[in-house]
Amino acid sequence: MNNFVYRNPTEILFGRGMIAEITTRVPTSAPVLFLYGGGSIKRNGVYDQVKAALKPHRVVEFGGVEANPLYETCLTVVDVVKRERIGFVLAVGGGSVLDAGKFIAAATCFTGADPWDILRTGGSAVKAALPVGAVLTLSATGSEANGNSVISRRATQEKLPFTSSRSFPVFSVLDPETTFTLPQKQVRNGVVDAFAHVMEQYMTYPADAPLQDRLAESVLQTLTEVGPVTLAEPRNYGARASFMWSATLALNTLISCGVPQDWATHMIGHELTAFYGLDHAETLAIVMPGVWQHELAQKKAKLEQYGRRVWNVTSAEAAIESTEAFFNFIGMPTRLSAYKISADEAAEKVKARFAERKVAFGEHGDIGPDAAAAILRLRA
Ligand code: NZQ
Ligand code: ZN
């Protein structure tokens, strides 16, 4: 096991009615930015609950954060935050709203010339940020308990992540009832995204970390169990609650302690969203089996362990097939052809992007431009 530092500063407020708890946790000393998305919170009662909890506060609202939040939109909000002398950002919605909140909080305090540097540097340019609190309404990203944010730039068709220890939410409310109104597609997306997060931290090579392996496999087993139930029974509180907590634990920095990580699937996937507009999880379901196929020799031991423990199959190939079958079973396509995207074209575009940025991903740092292209060609 490698050395690690583990610190997760986010307080989780989990369960029915917990939105009311934010009243005493959001400071009253300065105005609060109440940030939300396209309006789902106005239709499911979450907006009213938040307004009630913020009665003692001076509130400035901004609604309209897009799915795959835009840099351009965030900068508009930064102007509002500065003008209104906001002291706290409350992000209410899915991962996109939370990610936008984190970026706005960091960009407000950024003193350099170009706030895009926050993304270009992967977060090392973040020296300070306003505090962010979250009310999560969509389980998927884990953004509620990590320091990550992913921002898209319309002008250049780019989508880049950043990470900072200063960007963890100070608290996150996880009330499973707020997710009852999610469209099936978003629930399916959430199951696949959480599943892929576990895999980016698990599907590498044996690292003498049996507890991290078992923790990861527990999250995977729970997702395969409660994912289909939560799709079939949208108002099943127990299933929603287990799913919600699984998605948080999938990416709250716990299971990655002391182990190698991959993240090639996510980085290739972000390019597919940037170029073709696919939902984040849709890209992962396409790319992940390709990464495993391409890296079969290096990942064989872990693929076999995963196959044995999660799907009761014996070979690495069968483990890959079982994963694709599970995604298909919950209604998630796993091929580019499902979206009428040419694998050759996608391969060339992503290859050029990786080459231009001089980047390579994967636990061995060997998924560069050529490997990314080869992976996408496997996913026609
Ligand atoms: O905008 P509104 O009207 O709120 O509608 C949203 C949106 O259209 C809707 N929705 C959310 N909660 C709802 C609801 N509809 C009905 N009832 C509810 N309770 O769902 C749609 C999708 O929302 P979005 O926030 O975009 O989805 P998700 O949570 O999957 O976030 C995706 C973004 O997160 C990034 C992705 O790249 C993508 O940009 N990621 C962030 C990560 C992180 N911060 O750690 C890691 C991930 O790997 C991921 O990259
Ligand atoms: Zn993801």
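The three principal axes of the C-alpha atoms in the range 261-320 carry coordinate ranges of 37, 20, 17 Å, sorted with the longest axis first. Over the residues of the chain, the helix contribution to mean residue ellipticity at 222 nm works out to -14500 deg cm²/dmol, using -39500 (n - 2.57) for each DSSP H run of at least 4. Taking amide hydrogens as placed 1.01 Å from N in the peptide plane, the amide H of Phe62 sits under 5 Å from those of Phe34, Leu35, Tyr36, each at least 5 positions away in sequence or on another chain. In this view, the solvent-accessible surface of Phe195, computed with a 1.4 Å probe and all protein chains in place, comes to about 0 Å².
Taking a straight Cα-Cα cut-off under 29 Å and skipping sequence neighbours fewer than 8 places away in the same chain, the lysines within cross-link reach of Lys358 are Lys102, Lys127, Lys159, Lys299, Lys300, Lys302, Lys340, Lys349. Surface composition of the chain: carbon plus sulfur atoms contribute 52% of the solvent-accessible area (1.4 Å probe, protein chains only, all chains present). Using the Kirkwood radius over Cα pairs, work out the Stokes-Einstein diffusion coefficient for the chain at 37 °C and 0.692 mPa s, in µm²/s as a whole number. Stokes-Einstein gives a translational diffusion coefficient of 156 µm²/s. Note on Arg153 and Leu211: the model spin-label points, each 7 Å out from Cα along the C-beta direction, lie 4.2 nm apart. Just going by the charge dipole of the range 11-177, with Lys and Arg at +1 and Asp and Glu at -1 on Cβ, which of Leu70, Ala140, Ala113 is farthest out on the positive end? Comparing the listed Cα positions along the dipole, Ala113 ranks first. Show me the helices of the chain, taken as full DSSP H stretches, that run 24 Å or more along their long axis by Cα and average 0.0 or above in Kyte-Doolittle hydropathy. For the chain, where a helix must reach 24 Å along its axis and average at least 0.0, the hits are 210-232. Inter-label distance, Glu348 to Arg120: 2.8 nm, where each label sits 7 Å from its Cα along the C-beta direction. When the chain is described by a simple charge dipole with +1 on each Lys and Arg Cβ and -1 on each Asp and Glu Cβ, the residue from Ser337, His364, Ala247 located farthest towards its positive end is Ala247. With the highest mean first, a sort of the peptides 203-216, 68-81 on other beta-carbon atoms found within 10 angstrom per residue produces 68-81, 203-216.
Report, in debye and to the nearest 20, how large the dipole of the chain comes out about its Cα centre when Lys and Arg carry +1 and Asp and Glu carry -1 on their Cβ.
820
Rounded to the nearest 20 debye, the dipole size of the range 11-177 about its Cα centre is 260 debye, using +1 on the Cβ of Lys and Arg and -1 on the Cβ of Asp and Glu.
The values are calculated or read from the model by the stated rules, or taken from the named source; none is laboratory data. Owing to the predicted nature of the structure, the values given are computational and were not obtained by experimental measurement. Positions of Cβ are generated from backbone atoms using ideal geometry, with glycine treated the same way; all protein chains shown enter the neighbour counts. Side chains are part of the model used for accessible areas, which takes the heavy atoms of the whole protein and leaves out ligands, DNA and RNA. Shrake-Rupley method; radii C 1.70, N 1.55, O 1.52, S 1.80 Å.
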